[in-house]
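The values are calculated or read from the model by the stated rules, or taken from the named source; none is laboratory data. All values derive from a computational prediction rather than experimental measurement. Quick reminder, even Gly has a Cβ in these numbers, built from the backbone with ideal geometry, and neighbours come from all protein chains shown.
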Ligand code: NAI
């Protein structure tokens, strides 16, 4: 490791590898240090494997309604180990793509574990060398976060697991699953496993599922999940977990009442935390707060030649696409260029059925910020494509600033919401108004027509919404 690099990246997830490739394209010499597999949480234990599972479980549930659309499928069943094998194949293919891209961009990938020493230098331990310095003009930290396991009695019992373990091996013989935490991970796994006929109970501490999102989304989702047999306990605190004769018991209090649910597995999905303190020497000058690295608007830590992006950033948004965008921005800053990405507008997607996608502000947030708003909403049960595709009813809500009618937020809960949201993100970033967006003809029959209707509804003109009684 005697080469002197322009940039050394620690962590090969979407934040790290995207930054490494961008830096190499910009002519920098780059090393990327990864102790495990390239692709990080997103590719190996997060976004990609969960969506691969959800693709199959959604299809399975849809096929169980096959009779309704004239298909006869006899003896429909599933093989969990094959389902997991297919997920692994998707992950493997994408991971090898990342490997090839790094190689083609001449990024030196170092398999090893790194730390930042008291002098702010990167030191790496590989199979060949112990704690060897990697010389670099800039360092970018992108080591991600780990599942946070809350200090609840019984958290160490066998069968009490995080999403990492639930994705690592098929949960054979699991007929009853309890999920602690009704956030993003909780609801996606509830959707996947309930589709396979597994009895699922979600226990969420706050008053609704997805408590950080628009109220209507959490409430609607709870309704949809309950219709599919999922038990949803909100305002519920887990007191302890016990195990007897191979059965787990989750004891919780909901609305003042003590409850116990028996199950085969307990998934703990109560958030993810960075543990940057473990590999950053306290004497290095890099400030951390509750395990997260403190950065400025260019993702520089308190030591200017060291940057940090992604899930390890204190107070940041833990999403793969955010980490990647931050990495590109940070590289731009290193070379004195503005990468031109609006980092304040972040679409977020949840792959339940129906899908959920949000971008910009909610009505509540706009009110809190003192912004007067106008809005339009379309219920997707009137959308032809939704009915054709046997999709659950959902909605599209668009929020604009009163007066200018500049679009400032959108909440979607409908089929293909995760793709439709892009159009609204483009509108927000480019400060487009309701009129600007309504100028476009959207093809028929598509889910996207719901956007036209929601835009028209701002002025009470949506064709497929009944007129209000005068
Ligand atoms: P989260 O922060 O989304 O949700 C955790 C939930 O657990 C919260 O609703 C919280 O109120 C609840 N909770 C916390 N302690 C609890 C307790 N003791 N008992 C009951 N409930 C409790 O965290 P999650 O779901 O673990 O996801 C971690 C990160 O990964 C998130 O930032 C998320 O955005 C990201 N992610 C993104 C996905 C996507 O983009 N589709 C998919 C999965 C994860």
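What are the residues in the stretch 387-397 that are in contact (Cβ under 8 Å) with a residue 12 or more places away in the chain and surrounded by fewer than 24 Cβ atoms within 10 Å (Cβ to Cβ), if any?
388, 389, 390, 391, 392, 393, 395, 397
Looking at residue 272, is it within 16 Å of the ligand (Cβ to nearest atom) and under 22 Å from residue 348 (Cβ atoms)?
yes
Is there a residue in the stretch 266-275 that is more than 28 Å from the chain's Cα centre (by Cα), farther than 18 Å from residue 190 by Cβ and touching a residue at least 24 places away in the same chain (Cβ under 8 Å)?
no
I need the full set of residues from the stretch 173-190 which are closer than 14 Å to residue 247 by Cα and either touching a helix residue (DSSP H, G or I) at 6+ places or on another chain (Cβ under 9 Å) or within 15 Å of the ligand (Cβ to nearest atom) (or both), in order please.
Selection gives 174, 177, 178.
So in the stretch 248-257, with the set limited to residues that are part of a strand (DSSP E or B) and touching a residue at least 12 places away in the same chain (Cβ under 8 Å), which one is nearest to the ligand (Cβ to nearest atom)?
252
Each row is one residue, and each column tells you yes or no for (1) crowded, with 19+ Cβ neighbours inside 10 Å; (2) without any contact (Cβ under 8 Å) to a residue 60 or more places away in the chain.
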residue	(1), (2)
399	yes, yes
429	no, no
437	yes, yes
460	no, yes
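Identify all residues within the stretch 30-52 that are more than 16 Å from the ligand (Cβ to nearest atom) and in contact (Cβ under 8 Å) with a residue 60 or more places away in the chain; write none if there are none.
Within the stretch 30-52, 30, 31, 32, 33, 34, 35, 38 qualify.
Output the strands (runs of 3 or more DSSP E) that fall wholly within the stretch 6-118 and possess 2 or more residues being in contact with a helix residue (DSSP H, G or I) (Cβ under 8 Å, 6 or more places away or on another chain), or say none.
30-34
Taking residue 244 as meeting all but one of (1) assigned by TED's automatic domain parsing to the domain that holds residue 187; (2) surrounded by fewer than 23 Cβ atoms within 10 Å (Cβ to Cβ); (3) in contact with a strand residue (DSSP E or B) (Cβ under 7 Å, 6 or more places away or on another chain), write down the number of the exception.
Tallying (1) assigned by TED's automatic domain parsing to the domain that holds residue 187; (2) surrounded by fewer than 23 Cβ atoms within 10 Å (Cβ to Cβ); (3) in contact with a strand residue (DSSP E or B) (Cβ under 7 Å, 6 or more places away or on another chain), residue 244 fails exactly one: (3).
Kindly indicate which of 158, 170 is farther than 30 Å from residue 10 by Cα, in contact with a helix residue (DSSP H, G or I) (Cβ under 7 Å, 6 or more places away or on another chain), surrounded by fewer than 22 Cβ atoms within 10 Å (Cβ to Cβ) and touching a residue at least 60 places away in the same chain (Cβ under 8 Å).
170
So residue 303 fits all but one of (1) within 16 Å of the ligand (Cβ to nearest atom); (2) more than 17 Å from residue 13 (Cβ to Cβ); (3) part of a loop (DSSP other than H, G, I, E, B); (4) in contact (Cβ under 8 Å) with a residue 60 or more places away in the chain; what number is the exception?
It fails just one condition, (1).
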